[in-house]
1. Does PHE230 count as under 29 Å from PRO316 (Cα atoms), surrounded by fewer than 16 Cβ atoms within 10 Å (Cβ to Cβ) and of a type in the set (Phe, Trp, Tyr)?
2. Hey, THR264 hits all of (1) open to solvent by less than 10 Å² (accessible area, probe 1.4 Å); (2) part of a helix (DSSP H, G or I); (3) β-branched (Val, Ile, Thr) but one; which does it fall short on?
3. Taking the criterion of being within 29 Å of THR47 (Cα to Cα) and either in contact (Cβ under 8 Å) with a residue 60 or more places away in the chain or open to solvent by 30 Å² or more (accessible area, probe 1.4 Å) (or both), would at least one residue in segment 153-176 satisfy it?
4. Looking at segment 196-209, which of its residues are open to solvent by less than 50 Å² (accessible area, probe 1.4 Å) and touching a residue at least 60 places away in the same chain (Cβ under 8 Å)?
5. Please work out which one of (1) part of a strand (DSSP E or B); (2) open to solvent by 10 Å² or more (accessible area, probe 1.4 Å); (3) touching a residue at least 60 places away in the same chain (Cβ under 8 Å); (4) among the hydrophobic types (A, V, I, L, M, F, W, C) is the condition ALA277 fails and give its number.
6. Just for segment 41-57: of the residues that are out of contact with any strand residue (DSSP E or B) (no Cβ under 6 Å at 6 or more places or on another chain) and not hydroxyl-bearing (Ser, Thr, Tyr), which one is least open to solvent (accessible area, probe 1.4 Å)?
7. For segment 58-105, give me each residue that is among the hydroxyl-bearing types (Ser, Thr, Tyr), in a loop (DSSP other than H, G, I, E, B) and open to solvent by 10 Å² or more (accessible area, probe 1.4 Å).
8. Please note which strands (runs of 3 or more DSSP E) are completely contained in segment 286-343 and include at least 2 residues that are modelled with pLDDT of 90 or more, in contact with a strand residue (DSSP E or B) (Cβ under 6 Å, 6 or more places away or on another chain) and surrounded by 17 or more Cβ atoms within 10 Å (Cβ to Cβ).
Amino acid sequence: MPAYTTSVHQSITEVNPREWNAVVAQQSDTGCVFERYEWIEAYETATDAAARHVQVRSDGTLVGVHPTFVRPLSGTPFRFLGPPKPGTNSVMVATDEAAVFAAITDRMADLTSGRTIGHLIRPATEPAVRYASRLRARNYAPSVRDCRFVLDIDRPWAEVATDLSGKKRRNLRRADEAGVTATDIGLTPGTVDAFARNHAEHMRRLSGDGASPALLHALHSTVGDRLKLFQATDEDDDPVGELLAVCDDEHDRLVLLFPAYDPTNFDVYPSEILYRAAIQWGIDHGYTTCDYGETTPDFEDGTFAFKTAFGGQARPIVRWERIGSRLGRVLYALAGERLVPQPGGEQTAD
């Protein structure tokens with residue numbers, strides 16, 4: 001039987017980019033663009049977050065990786081290990097899944113002690129369900145706090161449009177009649193600056209986190225070829241909204257990640273125009289799905305309703321969380337985290 005060795009790295013710059021990306025993008029079933037070396041590098045550059053990235057080797061060959069960051073528990077001296085925020089951190093295995101998966105989760109158990117009271121895995125896509133039984137056996141609890149919407153786009157727009165509600169199709173016609181258009185504009189430091197300002201204002205109105213200007217500039221530097229910025233303009237060629245999308249070639253999907261809308265322009269339907277432009281771009285460039293990004297899983301939520309009306313199919317985002325002690329679960333509760341069932345009938349926090 002091969003001998004497996006694990007190592008923990010406090011920055012992605014300590015690992016070999018080619019090896020890491022080979023496991024993420026080519027050899028595992030669970031990796032995606034958000035776990036590539038370049039995306040993690042941008043996050044570290046923008047946030048100075050403390051990392052605990054785990055690698056597993058067999059006779060010198062990299063066969064498994066798992067990115068994690070130290071995340072504080074608000075209002076306490078304690079912390080847990082989890083994904084970037086926002087972001088994902090799948091367990092990615094190249095070969096001998098049982099042994100390599102065990103090596104990664106064993107090492108994560110070693111890292112959760114003292115002030116580090118737990119570990120959160122937030123997989124990127126559905127293939128990670130292959131590890132659900134093994135995670136349960138190791139006392140990880142599943143929970144759903146978010147969902148994503150997915151639309152099949154390996155077909156002409158005329159067919160895609162039939163999945164939209166009648167109201168959304170009417171809104172698109174009205175926008176067309178008003179002379180509103182949307183195009184893919186090139187990413188430059190200037191367009192990133194402008195988008196960052198608009199996105200920050202959009203998120204301020206929603207009381208959300210979004211992406212900081214530092215993160216957007218870092219992503220432009222490291223994964224600029226994976227980013228597409230769509231801008232809607234009115235009949236006078238004035239901007240009325242923007243949408244930043246990410247090309248997740250690992251899963252053949254276009255992800256509509258960060259919006260920037262001004263509600264004073266909603267009467268010209270910029271969101272509908274931008275979604276259509278992004279979907280059409282994805283169709284033209286051979287993507288099979290369009291992912292509308294994360295949303296609160298509540299049918300009364302406005303964003304949930306919009307994405308449903310635009311033809312998206314809701315899919316749960318399943319998180320896996322292990323808290324090592326009763327004290328840890330109490331601390332999660334005191335920090336304002338939501339409680340979810342723990343294996344064995346106890347409670348843990350999400």
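1. Taking the combined requirement at face value, the residue does not satisfy it.
2. Failing condition for THR264: (1).
3. No, that holds for no residue.
4. HIS199, HIS202
5. (1)
6. The residue in question is ALA42.
7. Residues satisfying the conditions are SER74, THR76, THR88, THR95.
8. Values: elements: 289-295, 313-323, 339-341.
In segment 286-343, the matching strands (runs of 3 or more DSSP E) lie at 289-295, 313-323.
The values are calculated or read from the model by the stated rules, or taken from the named source; none is laboratory data. Quick caveat: nothing in here was measured; it's all calculated off a predicted structure. For neighbour counting, all protein chains shown are included, and Cβ atoms are generated from backbone atoms with ideal geometry for every residue, glycine included. The accessibility values were calculated without ligands, DNA or RNA, using every heavy atom of the protein model including side chains. Shrake-Rupley method; radii C 1.70, N 1.55, O 1.52, S 1.80 Å.
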